[in-house]
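> Take this structure first; my questions come after.
Throughout, read-outs are computed from the coordinates displayed, never taken from laboratory work. These numbers were taken from a predicted model, which means no experiment stands behind them. Heads up, the Cβs are rebuilt from the backbone with ideal geometry, glycines too, and the neighbour counts pull from every protein chain shown.
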Amino acid sequence: MDGSNPHEILKNWDPTPSECCGNWTPDGRYFVFQSMRNGRPGVWALPDVTSILQRNSKEPIELTNGPLAFWSSMPSRDGKKIFAVAEQARAELQRYDSKTKNFVPYLSGISAGPNRLFA
């Protein structure tokens with residue numbers, strides 16, 4: 001936690017590594033980080049297993065789930081909360097109406113963007 005003895009903590013956990021932006025909780029019990037899974041970034045926590053009484057798994061625990069993408073996680077100063085930015089991408093297809101010289105909705109109600117269509 002103090003920067004000495006750097007070593008890889010998620011070796012072979014992710015076949016296509018995309019982990020980013022980690023922070024330790026103030027008590028040093030969890031490493032909270034961002035990872036891309038199934039095309040959506042989420043927040044994960046890795047327990048620091050140093051006690052025999054704690055579980056033996058060094059596998060990260062997913063803290064987020066659902067339709068939102070989570071970025072930039074940060075534990076609070078007291079370590080009781082985790083703050084993150086959540087995003088739900090929404091876009092609208094439009095077409096240009098040459099008669100009115102305006103853009104108007106096209107396929108209204110469908111969220112669409114580059115390389116994706118959502119109903």
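> Please state, rounded to one decimal and in Å, the Kirkwood hydrodynamic radius that segment 20-87 gives when every pair of distinct Cα atoms enters the mean of 1/r.
This gives a value of 12.4 Å.
> How about Lys101: which lysines have a C-alpha closer than 18 Å to its C-alpha, ignoring those fewer than 8 places off in the same chain?
none
> What residues have an amide H closer than 5 Å to that of Ile82, excluding those fewer than 5 places away on the same chain, when H is modeled at 1.01 Å from N in the peptide plane?
Ser76
> Hey, which lysines would be in cross-link range of Lys80, C-alpha to C-alpha under 28 Å, not counting anything within fewer than 8 residues on its own chain?
Straight-line reach from Lys80, under 28 Å: Lys11, Lys58.
> In whole Hz, with x marking every Gly and Pro, tabulate ³J(HN,Hα) for segment 12-22 from phi via Karplus 6.51 cos²θ - 1.76 cosθ + 1.60, θ = phi - 60°.
6, 6, 10, x, 10, x, 8, 6, 7, 6, x
> For Tyr96, Tyr106, what ranking results if the residue with the fewest other Cβ atoms within 10 Å of its Cβ goes first?
With the fewest neighbours first, Tyr96, Tyr106 line up as Tyr96, Tyr106.
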